[in-house]
Amino acid sequence: MIQGKTRPVVGALALQGDFAAHTTTMERLGADVTPVRKVAQLEGIDGLIIPGGESTTLIRLMEVFEFWEPLKRWISDGHPVFGTCAGTILLANEVLGPTQRSLGLIDVTVERNSYGRQVDSFEGTGSFRPTPESEEEIEMIFIRAPRIIRMGAHVEALGDCRGDTVVARQGHVLVATFHPELGAGSALHEYFLQMVIAARG
């Protein structure tokens with residue numbers, strides 16, 4: 001566990017989506033967690049989780065609360081960010097099925113609802129590779145999930161399921177196309193927390 005003054009502060013974008021489950025997991029790992037509903041709150045956190053939810057609704061709310069440019073600057077300044085499901089869509093360089101606005105902060109193309117409708121959601125087991133020398137099987141829950149259909153040369157594939165890359169990283173930007181906060185275990189949250197700690201150091 002992380003103690004005292006070394007505890008990092010992780011924000012969870014709380015405009016829409018399943019931010020509460022991320023909060024619970026990060027607090028269990030020893031981080032302080034702040035629900036982020038206003039742009040000014042970005043200044044008090046060390047890293048940010050953009051949760052799953054409905055991407056089109058999240059886009060509208062980000063416009064209403066004027067998050068787009070401040071959030072893009074904040075991430076571009078080197079603050080770690082972890083996007084899951086809809087968060088992956090928001091961070092992607094290109095979105096298809098249909099096209100929509102995104103922050104363009106990780107060089108991937110994603111296809112929305114690529115596995116089908118809500119009834120086509122599924123639970124599975126996939127591989128996560130936190131380091132080149134290690135690999136572990138983790139539970140993965142896909143709910144109207146996007147699919148990464150292209151990765152740029154500087155994007156690292158860290159996880160896969162059923163032949164698809166489902167976890168990817170480019171620098172301080174980490175994405176997962178599923179809902180790690182709903183599955184057993186906390187491997188991805190632990191990995192992101194280490195990214196946050198490294199960035200603080």
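The values are calculated or read from the model by the stated rules, or taken from the named source; none is laboratory data. Treat the numbers as computed from the prediction; the structure is a model and nothing was measured. Quick reminder, even Gly has a Cβ in these numbers, built from the backbone with ideal geometry, and neighbours come from all protein chains shown. To get the accessible areas, we keep the full protein, side chains included, count just its heavy atoms, and leave off ligands, DNA and RNA. Shrake-Rupley method; radii C 1.70, N 1.55, O 1.52, S 1.80 Å.
So the values come out like this:
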{"read-out": "Computed [θ] at 222 nm, helices only, for the chain once each DSSP H run of length n ≥ 4 contributes -39500 (n - 2.57)", "value": "-7000 deg cm²/dmol"}
{"read-out": "Area of Ile45 that stays accessible when all protein chains are in place (1.4 Å probe, Å², to 10)", "value": "10"}
{"read-out": "The chain: relative contact order in percent, alpha carbon pairs under 8 Å with at least 6 residues between", "value": "19"}
{"read-out": "Net charge over other residues, Cβ less than 13 angstrom from the Cβ of Val64 (K, R count +1; D, E count -1)", "value": "+1"}
{"read-out": "Accessible surface, per residue, of the stretch 98-201 when the full set of protein chains is kept, probe 1.4 Å, Å²", "value": "47"}
{"read-out": "Kyte-Doolittle at least 0.5, axis length at least 15 Å by Cα - qualifying DSSP helices, the chain", "value": "187-200"}
{"read-out": "Of all accessible heavy-atom area on the stretch 87-148, the percent that carbon and sulfur account for (1.4 Å)", "value": "44"}
{"read-out": "Listed peptides 151-163, 77-89 by packing density, highest first (mean Cβ within 10 Å)", "value": "77-89, 151-163"}
{"read-out": "Electrostatic dipole magnitude of the chain [Cβ: Lys, Arg +1; Asp, Glu -1; Cα centre; debye, to 20]", "value": "480"}
{"read-out": "Three-way shape label, the stretch 72-147, alpha-carbon gyration tensor, a/c 1.5", "value": "oblate"}
{"read-out": "Cα-Cα P(r), the stretch 1-101, percent of pairs per 10 Å interval", "value": "15, 50, 28, 6, 1"}
{"read-out": "Prolate/oblate/rounded label for the stretch 125-201 (Cα gyration tensor, a/c 1.5)", "value": "oblate"}
{"read-out": "Shape call, the stretch 1-50: gyration tensor on alpha carbons, a/c limit 1.5", "value": "oblate"}
{"read-out": "Contact order normalised by residue count of the stretch 122-201, Cα under 8 Å, 6+ apart, percent", "value": "26"}
{"read-out": "Å² per residue, accessible surface of the stretch 1-86 at 1.4 Å", "value": "44"}
